[in-house]
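Remarks on the structure that follows.
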Amino acid sequence: SAESKKREALLEAKEEIHKNRTEYEREVKERRADLQKQERRLQQKEESLDKKMDSYERKEEDLRKKQQQITATQEEVNLIKKSQLEMLEKMNIDMAFIGVSGCSVDAGFTCGTEGDMLVKRLVIRKARTSVVMCGKEKLSCLMPYTFATLEEVDCMITDGPVPEAFMKAANDAGLKIL
């Protein structure tokens, strides 16, 4: 009776403890499994980030090399331009025919690069007679660099009708239009 109730209570308590322990161990296993999954995911993300970082570093190195190549090429081009200008300075030019990228009454004769502007300006200064060739589509077209005004050129050859305002400005400047 009292002894058996005590045993029964003791057995129930042991079963409860065993049940709680089993449940606790199961929860610990699940948590460990979850932690391991999270660790694997984290490790995969770290590896992915490492790969991306390596890729960015390679791209950055490639860009640095390309920038060095561009700088070296620009230095080479500048030396060539300087040499070209020095050579032109020594030349005597009777008649120069020069193509234009654009021309307008206000800006004069224009081109797209500083290097072209320097060469064309020098050729016009050195030539006894300077002739620019300007297609009708380039009339009133404006490019960044002016290499000559209407007054600095002797003749302009074009393939179409010239606007009235341009014709008047050319006549005032002494520029023949063919």
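Before moving on, here are some points about what is shown:
Here's the yes/no breakdown for (1) open to solvent by 30 Å² or more (accessible area, probe 1.4 Å); (2) small (Gly, Ala, Ser):
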position	(1), (2)
147	no, no
151	yes, no
168	yes, no
173	no, yes
176	yes, no
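- Breaking point among (1) surrounded by 14 or more Cβ atoms within 10 Å (Cβ to Cβ); (2) at pLDDT below 95, for residue 136: (1)
- Number of the exception - residue 76 against (1) part of a helix (DSSP H, G or I); (2) surrounded by 12 or more Cβ atoms within 10 Å (Cβ to Cβ): (2)
- Any hit, region 110-130, residues being in a loop (DSSP other than H, G, I, E, B) and surrounded by 15 or more Cβ atoms within 10 Å (Cβ to Cβ): no
- Matching residues, region 44-73, being open to solvent by 100 Å² or more (accessible area, probe 1.4 Å), more than 20 Å from the chain's Cα centre (by Cα) and polar (S, T, N, Q): 44
- Residue 101 vs. criteria in contact (Cβ under 8 Å) with a residue 40 or more places away in the chain and not basic (Lys, Arg): yes
- In region 69-112, residue nearest to residue 131 (Cα to Cα) [restricted to those that are in contact with a Leu (Cβ under 7 Å, 6 or more places away or on another chain) and among the polar types (S, T, N, Q)]: 110
The values are calculated or read from the model by the stated rules, or taken from the named source; none is laboratory data. Owing to the predicted nature of the structure, the values given are computational and were not obtained by experimental measurement. Glycine also receives a Cβ, built like all others from the backbone with ideal geometry; neighbour counts cover every protein chain displayed. Note: accessible area is taken over every heavy atom of the protein model, side chains too, but ligands, DNA and RNA are not part of it. Shrake-Rupley method; radii C 1.70, N 1.55, O 1.52, S 1.80 Å.
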